[in-house]
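Here is the structure we will look at.
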Amino acid sequence: MSTTAATPPVTPAATAVAHANIALIKYWGKADDDLIIPVTSSLSLTLDDLYTTTTVCFDRDAGAGDVATLDGEPVTGKPMVRITALLDLVRDTAGIDRAATVTSANTVPTAAGLASSASGFAALAGAAAAAAGLDLSDRELSRLARRGSGSASRSIFGGLAVWHAGHDDETSYAEPVPDPHHFAADLAMVVLVLDAGQKSVSSRDGMRHTVETSPEYRPWVAAHAGHLASALAAVADRDIVALGEAAEVNAAGMHATMRSAVPPVDYLTDASHAALAAVAAARDAGFPAWATMDAGPNVKVLTTAAEASRLEGWLREQLASDIPGLHTVVAHAGPGLTVTREDC
Ligand code: PMV
């Protein structure tokens, strides 16, 4: 009679890496709050140095609930509710009821308008789907990530991505922008980190309030299709001047919609305005440089890969006395989502 040693049960896990993206043409406002269907389509550049690594393991009893850590700290409150909501979608699709352990690490300052929710929910979607045994296409992953945070739909893809607004769950997804000449590789962003603290108004609340109260919101939406068309034409023509101009006008318009909301929402600080003036001065000095801002005070400057370091140095010099704590990052086009299956 032979005996075999009992092998411990193996629980599948998966680790995903997703990179942040910065919208050149923005998403601001939802047509459907539950499904996160945006009012407008959007265009983004995925960045190399700013990313989230997330491991998901469905190793807990259903009744024990999900647990998550971000950079070693337990996640609680609203952020945890959003994580569990995304995991529920995965559990429903996969037909499993186990609760999960989620371990996440960020190279992006969390919730500081540096797109940490984009990389965070893209990584969570990729890791959770794989850990649950689902084999999703990139489009399905984009739709899943979208349910966590709209901008995450674009972080499934490297380089330039467009999120088609669509009109329902199936038709609202991101995909890569055709880029046969690798224009994305010519682009860079100088990120001016003016304040890495948490923002006081979430993008979710800020956009809802803007849609509901701002008289400037509908005019911005009406102009938006033209901004996106110009930006996509600029990509096809490899024309960074036209791309930068479309990005700057679109972002400035988005912030104008917030400032005219009742009461106003203004994510920009004195330091942001000093940074915007420095970007305009950089352009006057001959640099390729166009500013974009999201739901936070930080300013991201679109430029060429060739000029990025020189521009970073120039901007640091200009802003040194106004913004003593200035931190800067130069980012280039980054890759799409990667997922590795493993055991817990
Ligand atoms: O990160 P979200 O999905 O809550 O939305 C943020 C929206 C902006 O960053 C302000 C613009 C964009 O298109 O990313």
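Which residues' amide hydrogens lie under 5 Å from the amide hydrogen of Ile323, considering only partners 5 or more residues apart or on another chain, with H built in the peptide plane? The answer is none. Within the full protein context, the accessible area of Thr269 is estimated at about 60 Å² for a probe radius of 1.4 Å. Dipole magnitude for the chain: about 220 debye, using +1 per Lys or Arg Cβ and -1 per Asp or Glu Cβ, origin at the Cα centre. Think of segment 12-181 as a dipole: +1 on every Lys or Arg Cβ, -1 on every Asp or Glu Cβ, centred on the Cα centre; then among Thr84, Ala105, Ala145, Ala105 lies furthest on the positive end. Taken about its Cα centre, segment 183-332 carries a charge dipole of about 280 debye when Lys and Arg each add +1 at the Cβ and Asp and Glu each add -1 at the Cβ.
Once both labels are positioned 7 Å from their Cα atoms along Cα-to-Cβ, the gap between Arg316 and Arg259 label points is 3.0 nm.
If R0 is taken as 25 Å, the Cβ-Cβ distance between Asp270 and Ala306 corresponds to a FRET efficiency of 0.20.
Beta bridges from DSSP with both residues in the chain: antiparallel share about 95 percent, rounded to the nearest 5.
With respect to the chain, whose longest principal axis is taken over its alpha-carbon atoms, helix 270-284 is tilted by about 60°. Helix 308-319 and the longest principal axis of the Cα set of the chain meet at an angle near 70°. Rounded to the nearest 0.05, what FRET efficiency is calculated for Ala229 and His181 with R0 set to 25 Å and r the Cβ-Cβ distance? Efficiency, rounded to the nearest 0.05: 0.80. For Ser142, neighbours were defined as the other residues whose beta-carbon sits under 11 Å from its Cβ, and their charges (Lys and Arg +1, Asp and Glu -1) total +2.
When Ser137, Ser155 are compared by accessible surface with a 1.4 Å probe, the order from highest to lowest is Ser137, Ser155. Oblate is the label for segment 183-332, because the ratio a/c of its alpha-carbon gyration tensor axes (a ≥ b ≥ c) is 1.5 or higher and a/b is not greater than b/c. With all protein chains kept in place, the per residue accessible area of segment 12-181 amounts to 35 square angstrom at a probe of 1.4 angstrom. Note on the chain: along the principal axes its Cα atoms extend 86, 40, 40 Å, ordered by decreasing extent. Centre-to-centre, using Cα atoms only, segment 197-267 and segment 302-344 are separated by 22 Å. With respect to the chain, whose longest principal axis is taken over its alpha-carbon atoms, helix 240-259 is tilted by about 80°.
The values are calculated or read from the model by the stated rules, or taken from the named source; none is laboratory data. Quick caveat: nothing in here was measured; it's all calculated off a predicted structure. For neighbour counting, all protein chains shown are included, and Cβ atoms are generated from backbone atoms with ideal geometry for every residue, glycine included. What goes into the accessible areas is simple: the full protein's heavy atoms, side chains included, and nothing from ligands, DNA or RNA. Shrake-Rupley method; radii C 1.70, N 1.55, O 1.52, S 1.80 Å.
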